[in-house]
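This report refers to the structure that appears directly beneath it.
Each reported figure results from applying straightforward, stated rules to the coordinates on display, with no laboratory input. If you're wondering where the values come from, they're calculated on a predicted model, not measured in any experiment. Here the Cβ is made from the backbone with ideal geometry for all residues, glycine too, and neighbour counts use every protein chain on show.
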Amino acid sequence: MEVLNLENLEVDMPLRATERSSLVGRVIDQLQTLIESREWPVGTKIPAEPVLVELLGVGRNTVREAVRALVHSGMLEPRQGDGTYVRAADDLGAALLRRLRRASHLEALEVRAGLERDAARLAAERRTPEDVAALRAALRRRDETRQEPDPAEFVDADVSFHHAVVAAAHNGMLTDLYSHLTDGLRAAITSVAHAPLPDGPRFQLDSHAALVDAIEAADADRAIRCVEQYINETIASVRTLQDADPLPGRPGNGDSGPGTGTGENTGGRS
């Protein structure tokens with residue numbers, strides 16, 4: 001009996017790219033388009049499953065599988081008893097969020113420091129009068145909310161201030177990258193809202209005000225020094241708090257923010 005030698009067999013069957021033509025795949029594409037185009041911005045609650053079924057003209061199982069796939073990718077986040085929310089604007093943002101969940105607060109802070117130094121330098125070189133006005137308004141709100149009983153008010157104002165600095169850099173890629181990172185860094189800021197720190201290192205009012213002055217004066221070197229000042233103050237707070245009692249965000253305290261897997265935590269708010 002003749003034995004067929006498969007190693008020498010030539011098959012005239014060139015490989016072709018497989019088209020993503022399944023119904024679930026098409027629904028995933030449509031939902032991704034809504035997210036990536038910012039039609040559904042980060043933080044938005046997406047329509048309920050019955051609404052999506054009607055709008056898309058597909059079955060319940062198809063919608064359920066598509067949403068489950070985007071939850072698995074990190075772009076969507078289910079909240080029990082509430083609904084499903086947009087967590088990241090694209091695949092890159094989802095990947096960064098997954099990585100941030102495994103990072104310590106100090107690691108995230110070090111990455112943030114590099115981005116904010118570049119943003120401050122570019123903002124000093126490129127700021128417009130409208131940028132300066134936005135920075136002044138964000139700085140006022142940051143100052144006004146530091147005594148609010150709900151620390152979330154200050155956290156929101158702090159994040160908004162730094163977004164305004166990045167926006168003044170007029171670099172779209174930097175803005176997108178920073179946005180992805182700060183979505184995860186918000187958890188680190190929130191986790192130390194009640195940290196037992198003096199007002200100076202906790203709120204860092206002087207360095208933030210000096211940063212706005214430097215940007216308005218087009219002094220890039222001074223703007224970078226301001227960033228380094230509040231970052232270094234925050235790192236010092238981290239090291240102080242690591243030697244203190246267990247903080248929110250540490251294992252066993254019911255918080256799963258960044259840093260919980262490494263034993264490091266962050267202090268201060270910047």
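Quick check on packing: order 217-228, 145-156 by the mean number of other C-beta atoms within 10 Å, highest mean leading.
The densest-packed peptide leads the list: 217-228, 145-156.
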Note to self: Using a 7 Å offset from the Cα along the Cα-to-Cβ direction at both residue 37 and residue 228, what is the distance between the two label points in nm, to one decimal?
What the structure shows: 4.6 nm
Next item on the list: Could you let me know the centre-to-centre spacing of the stretch 205-222 and the stretch 21-83, using Cα atoms, in angstrom?
Entry: 43 Å
Note to self: Only sites in a loop by DSSP and with at most 16 other Cβ atoms within 10 Å count here; which GluC sites (Glu not before Pro) in the stretch 18-93 make the cut?
What the structure shows: 19, 39
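Could you give the length gained by full extension between residue 26 and residue 176, i.e. 0.36 nm per residue of separation minus their alpha carbon distance, to one decimal place? Don't jump to the answer; show the numbers that get you there.
Working: separation 150, 0.36 × 150 = 54.00 nm, distance 2.59 nm.
Gain in length upon complete extension: 51.4 nm.
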